[in-house]
1. Pull up the cross-link candidates among the aspartates and glutamates for Lys219, meaning alpha carbon to alpha carbon under 15 Å and not fewer than 8 places away within one chain.
2. In which sequence would Lys257, Lys219, Lys290 go, from the one with the fewest C-beta neighbours within 10 Å to the one with the most?
3. Quick one: net charge of Asp196's neighbours, Cβ under 15 Å, K/R +1, D/E -1?
4. Based on C-alpha coordinates, I'd like the Rg and Dmax of segment 47-168, in Å.
5. Please order Asp294, Asp107 by the number of other Cβ within 10 Å, starting at the fewest.
6. Between Ser341 and Arg454, what is the label-point separation in nm under the 7 Å Cα-to-beta-carbon projection?
7. Using a Förster distance of 60 Å, how high is the FRET efficiency between Lys114 and Lys219, based on the Cβ-Cβ distance and rounded to 0.05?
8. Toward the positive end of the charge dipole of the chain, about the Cα centre and with charges on Cβ (Lys, Arg +1; Asp, Glu -1), which of Ser62, Pro136, Tyr41 goes farthest?
Amino acid sequence: MRALKNLVLLQALILLTSWIGVSQIFASEEVAQAVVRITSYRQSPDWSSPWRMKPTAAGHGSGFLIENGWILTNAHVVSDSKLLLINKLSSPEPFLAEVVSMAHDSDLALLRVKDADFYTDMTPLAFGGIPKLRSPVQAYGYPLGGQDLSRTNSGGPVIQEGLAIGVAFQSNLRLNDIGYFIPVPLIKRFIQDQRDGHYDGVPEIGIQTSSLLNRYQRKSLGLSDESGGVLVERIIPRSSAEGILEEGDVLLGVAGKSIDRAGMVHFGEHRVDFFIEAEHLQVGDSLFFKVWRDRSLLNLQITLKPPPFSAELRNAYDILPEYLIVGGLVLIALNRDYLQSEGKQTPELSYEHWYREIEEPHTRREQVVLISRVLPASVNSGYSQLRHFVVHSVNGNPIKSLRHLDQLLEKLPEDTEHLVFESEWEPLPLVLNYRQSLETHQEILEIYGIPSDRRFHKTSGSEG
């Protein structure tokens with residue numbers, strides 16, 4: 001089975017090629033002046049105590065000047081930044097910069113320097129196209145924040161014939177100067193997407209497919225020996241494909257291109273996964289398929305959407321965690337950052353986060369709410385070691401989101417005796433004395449130095 005595609009299939013478009021390998025590169029004057037060193041002073045949330053922030057740390061990367069006064073770099077270079085400083089080759093003094101737009105799904109960001117003097121004697125780099133296979137390219141930047149223009153693996157331009165043909169984001173100098181970069185089609189898609197002031201994200205078709213290399217399988221489907229195509233094995237709920245494509249369909253073509261038996265299409269002189277035809281388009285664009293269904297040929301059109309639950313499934317940089325404290329229970333909304341911060345994924349959390357909507361369509365709630373830890377207090381005696389308790393209901397009421405849980409608690413009758421948190425994963429509920437939880441609430445906050453008992457994002461949660 002073809003694996004479920006990630007939010008962005010970078011490997012389908014990111015090209016493996018060879019850097020020009022010397023420890024210090026002497027670039028043309030125009031290229032050298034366009035490449036900058038970025039210093040980011042960043043601070044990320046502490047997911048074990050979501051009301052707190054981790055200590056500030058400095059990070060370094062590279063970027064380069066493009067159209068409209070923008071500096072293009074990797075999103076990970078400037079994520080969670082509290083202060084951005086830009087150094088250019090012709091000036092020893094750093095310049096303050098700000099983030100214009102960020103795309104974590106494709107690891108790209110645009111910056112702008114506030115001081116107009118920064119742009120003196122600088123010429124934006126123009127974009128090229130897709131390089132030929134095995135053709136040499138040059139990658140420029142400031143590794144580890146060094147002072148000399150050199151090879152880079154974070155945010156610098158990849159140059160061929162004086163044109164930027166990508167943004168470097170990973171390299172391994174021990175492997176014959178092999179590196180990866182984000183190519184121009186994905187860069188241009190990002191720039192176009194954010195022009196209206198809002199980044200919609202990379203769209204996704206939302207299917208799982210398998211190859212049709214076995215000729216007897218093709219024959220059983222009524223396909224000719226010469227035909228290509230891949231078999232649709234699963235439709236992801238709430239995706240672009242739902243309601244249009246069906247399980248058992250054979251996709252013969254996409255966007256006017258033939259799909260071979262391994263699921264590949266021509267992209268210039270390259271052969272790449274057919275999913276790429278969606279990933280260089282915008283949310284709301286149409287994508288056309290040639291489909292073999294029930295031994296008949298169909299031409300179908302889907303309207304592209306972002307991946308379902310994409311906000312929770314990708315890392316949420318630059319966003320503070322939502323949380324709610326009740327009776328010393330620290331409740332949060334499950335997301336990828338939490339899973340990674342814990343260093344492990346329990347079967348329950350993995351299923352809720354990654355697989356529930358696939359295995360049980362339309363059962364995933366707006367947010368998966370869990371008790372991440374317990375602040376020991378008399379009201380929660382016996383639960384101090386509890387971790388990762390997925391909460392599906394409180395006092396018999398199903399929970400849609402963290403904000404919805406707060407609304408349900410506020411509506412409890414005054415004569416309520418207990419708070420009963422139930423989980424489909426646990427045989428016994430977690431039970432607190434309701435009155436005691438209210439009476440000890442402020443004391444618990446003061447003991448543990450917590451300034452506020454909650455944080456919600458403006459757009460999250462459900463009414464009622």
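1. Cα-Cα hits under 15 Å: Asp249, Asp294.
2. Placing the least packed residue first, the sequence is Lys219, Lys257, Lys290.
3. On the way: positive: Arg189, Arg195; negative: Asp193, Asp200, Asp285.
Taking every other residue near Asp196 into account, the sum is -1.
4. 15.4, 50
5. Starting with the residue having the fewest Cβ neighbours, the order is Asp294, Asp107.
6. My value for the distance between the label points is 2.0 nm.
7. 0.35
8. Farthest along the dipole direction, towards plus: Pro136.
Any read-out appearing in this document is the output of simple, stated calculations on the displayed coordinates, not a laboratory observation. Small disclaimer: the values here were computed from a predicted structure and weren't measured. Cβ atoms come from the backbone with ideal geometry, glycine included; neighbour counts cover every protein chain shown.
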